Amino acid sequence: MLKKFPKASGGNTFDETLFGLIADDLEKQGYSIRHGALPDDISSSLYSYQQDLNAAKYADAGIGRGEDFLKTEFVRTDEIFWIVEESDAGKKWIDWTSKLQRFLNQRLFLGLFSFESHFAHYSPGAYYKRHRDAFRGEANRVLSVVTYLNPAWGHSDGGELVLYSDDQDREGLKVVPLYGTLVFFLSEEFPHEVLPATRDRYSIAGWFRVNNSINNNIDPPR
């Protein structure tokens with residue numbers, strides 16, 4: 001669990017106030033769930049961009065990287081599209097997460113070095129079975145981030161994120177994928193899964209990473 005450090009003084013912007021709440025949550029419990037907290041201009045821009053994406057731009061998701069990449073429907077059946085700064089929506093999102101990265105490094109001394117993220121589309125019935133985003137000591141993902149782009153989502157639509165406290169937890173904490181909700185959790189600490197939905201479900205998944213450079217070669221963000 002995270003150690004607590006002194007808070008910065010001075011006036012806060014809206015972002016800094018939200019960032020402070022997220023940091024407090026991470027200090028206390030290792031995760032943060034903030035409903036409808038993503039700033040409206042960013043969420044609306046991301047939503048519009050995602051809606052305009054050509055379906056052909058999405059790629060089937062899998063597990064692993066590079067030569068270790070494996071597509072397996074036993075684990076997950078979503079599809080993804082990586083976010084870059086080439087679009088206005090992507091730039092807004094990356095600028096905002098960069099501010100958050102700086103804030104968390106100053107407050108919590110996490111040593112976050114880079115950020116990567118992608119759009120995720122779950123068609124009706126699609127899922128991502130229980131897993132961890134990083135295994136202790138074997139990966140450099142430190143903090144996972146999820147935000148949702150689903151207006152008028154109802155509880156009967158399904159598609160919840162289930163966040164488990166540890167490997168023994170069988171009940172978990174369910175998060176409905178409501179538009180603009182932000183979820184943060186320590187990547188090594190919390191197993192989680194995405195339950196099937198009855199309608200198309202859209203989100204962004206991202207990871208703040210530390211730098212595991214070797215021989216002065218910067219560890220790539222993905």
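Screening region 185-200 for residues that are under 15 Å from the mean Cα position of the chain (by Cα) and part of a strand (DSSP E or B) and picking the one that is surrounded by the fewest Cβ atoms within 10 Å (Cβ to Cβ) gives GLU193. Checked against the criteria, ILE63 counts as surrounded by 12 or more Cβ atoms within 10 Å (Cβ to Cβ) and at pLDDT below 75. Pick from region 83-128 the residues that are among the hydroxyl-bearing types (Ser, Thr, Tyr) and within 19 Å of TYR179 (Cβ to Cβ): which of them is nearest to the chain's Cα centre (by Cα)? Checking each candidate, the answer is SER117.
State whether one or more residues within region 164-184 are touching a residue at least 12 places away in the same chain (Cβ under 8 Å), part of a loop (DSSP other than H, G, I, E, B) and closer than 22 Å to GLU16 by Cβ. Scanning region 164-184, I find at least one residue that is touching a residue at least 12 places away in the same chain (Cβ under 8 Å), part of a loop (DSSP other than H, G, I, E, B) and closer than 22 Å to GLU16 by Cβ, so the answer is yes.
Condition check for ARG141 on (1) over 16 Å from the mean Cα position of the chain (by Cα); (2) of a type in the set (Lys, Arg); (3) farther than 15 Å from VAL194 by Cα: one failure, at (1).
Quick one: in region 132-150, which of the residues that are open to solvent by less than 30 Å² (accessible area, probe 1.4 Å) and not aliphatic (A, V, I, L, M) is modelled with the lowest pLDDT? The selected residue is ASN140. In region 21-35, the qualifying residues are those that are open to solvent by 10 Å² or more (accessible area, probe 1.4 Å) and assigned to a helix (DSSP H, G or I), and the one that is nearest to GLU188 (Cα to Cα) is GLN29.
What are the residues in region 163-178 that are of a type in the set (Val, Ile, Thr) and surrounded by 17 or more Cβ atoms within 10 Å (Cβ to Cβ), if any? Outline the logic, then answer.
Initial filter on region 163-178 (of a type in the set (Val, Ile, Thr)): 175-176.
VAL175, the sole residue that qualifies.
Report yes if some residue within region 81-93 is part of a helix (DSSP H, G or I), touching a strand residue (DSSP E or B) at 6+ places or on another chain (Cβ under 9 Å), modelled with pLDDT of 95 or more and crowded, with 19+ Cβ neighbours inside 10 Å; otherwise report no. Yes; the residues of region 81-93 include at least one that is part of a helix (DSSP H, G or I), touching a strand residue (DSSP E or B) at 6+ places or on another chain (Cβ under 9 Å), modelled with pLDDT of 95 or more and crowded, with 19+ Cβ neighbours inside 10 Å.
Condition test on PHE113, is it open to solvent by 40 Å² or more (accessible area, probe 1.4 Å), farther than 19 Å from GLU27 by Cα and in contact with a strand residue (DSSP E or B) (Cβ under 8 Å, 6 or more places away or on another chain)? The answer is yes for PHE113. Take GLY206 and decide whether it is on the phi > 0 side of the Ramachandran plot, out of contact with any His (no Cβ under 7 Å at 6 or more places or on another chain), open to solvent by less than 40 Å² (accessible area, probe 1.4 Å) and at pLDDT 95 or above. Spelling it out, it is not the case that GLY206 is on the phi > 0 side of the Ramachandran plot, out of contact with any His (no Cβ under 7 Å at 6 or more places or on another chain), open to solvent by less than 40 Å² (accessible area, probe 1.4 Å) and at pLDDT 95 or above.
The values are calculated or read from the model by the stated rules, or taken from the named source; none is laboratory data. These figures come from a predicted structure and were not determined experimentally. No Cβ is skipped: glycine too gets one built from the backbone with ideal geometry, and neighbour counts run over all protein chains shown. Just the protein is used for accessible areas: all its heavy atoms, side chains included, with ligands, DNA and RNA removed. Shrake-Rupley method; radii C 1.70, N 1.55, O 1.52, S 1.80 Å.
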